[in-house]
Amino acid sequence: MKTENRLQSLRQTLNLLKYTFVIVPVAAGADTFTNLLTQRDQYLNPSLAAFLPVPVPVFMMVTGTIEIIAGLIVLFKTETVGYIVAAWLILIALTLLAGCRNPDVAVRGLVMAIAAFSLARVSHIVSQPWNQHNR
C-alpha cells in the first residue's frame with residue numbers, strides 16, 4: 001500500500017474514533033439530565049454514595065457535565081483527551097466491578113477505554129510528520 005494511502009486510511013480511522021468519542025460521551029452526559037436511555041444513578045456503587053459530599057443526583061449531573069465537556073474537547077485535543085477519556089472509562093468500570101454490579105457495562109467500559117486509548121495513539125501517529133514513519 002502506498003504511503004499516502006496508508007496515511008489516508010489512518011486519518012479515516014482517526015475520524016471514526018474521534019466522532020464516536022464526541023457523540024457517545026455527549027449523549028451519555030446529556031442522558032444524565034434526561035434519563036431517557038437509562039437511570040444513570042443505578043450505576044453508582046452504593047457504598048461510594050455514602051462518601052459523596054453532595055446528593056447522588058447532583059453527583060451524577062456533575063459527571064454528566066464532565067462527560068459532555070470531554071466529548072466536545074475530543075474535537076480539538078484528540079490525543080490528550082483520548083488518554084483522559086480512557087482513564088475515566090477505566091475508573092467507571094472499576095467502580096462498577098468493585099460493587100459487583102453491572103459487570104456487562106463494566107466490560108463495555110473497558111472496551112471503550114481501549115478504543116479511547118487507540119484514538120489517542122492514532123491521533124499521535126497522524127499528527128507526526130509522515131516521513132518519520134517511513135524510516
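Residue selection: Arg121 fails the criterion of being at pLDDT below 90 and of a type in the set (Lys, Arg).
The number of residues in the stretch 1-10 that are part of a helix (DSSP H, G or I) and exposed (fewer than 12 other Cβ atoms within 10 Å of the Cβ) comes to 4. Return yes or no: is Thr13 part of a helix (DSSP H, G or I), in contact (Cβ under 8 Å) with a residue 12 or more places away in the chain, farther than 30 Å from Pro129 by Cα and not small (Gly, Ala, Ser)? For Thr13, the condition - part of a helix (DSSP H, G or I), in contact (Cβ under 8 Å) with a residue 12 or more places away in the chain, farther than 30 Å from Pro129 by Cα and not small (Gly, Ala, Ser) - is not met. Among the conditions (1) at pLDDT below 90; (2) crowded, with 17+ Cβ neighbours inside 10 Å, the only one that Asn35 does not satisfy is (2).
With respect to the conditions (1) farther than 22 Å from Ser9 by Cβ; (2) free of Cβ contacts under 8 Å to residues at least 24 places away in the same chain; (3) not aromatic (Phe, Trp, Tyr), Arg40 lacks only one, and its number is (2).
The values are calculated or read from the model by the stated rules, or taken from the named source; none is laboratory data. Only a predicted model underlies this, so the values are computations on that prediction, with no experimental measurement involved. A quick note on method: Cβ atoms are made from the backbone with ideal geometry, for glycine too, and the neighbour counts reach across all protein chains shown.
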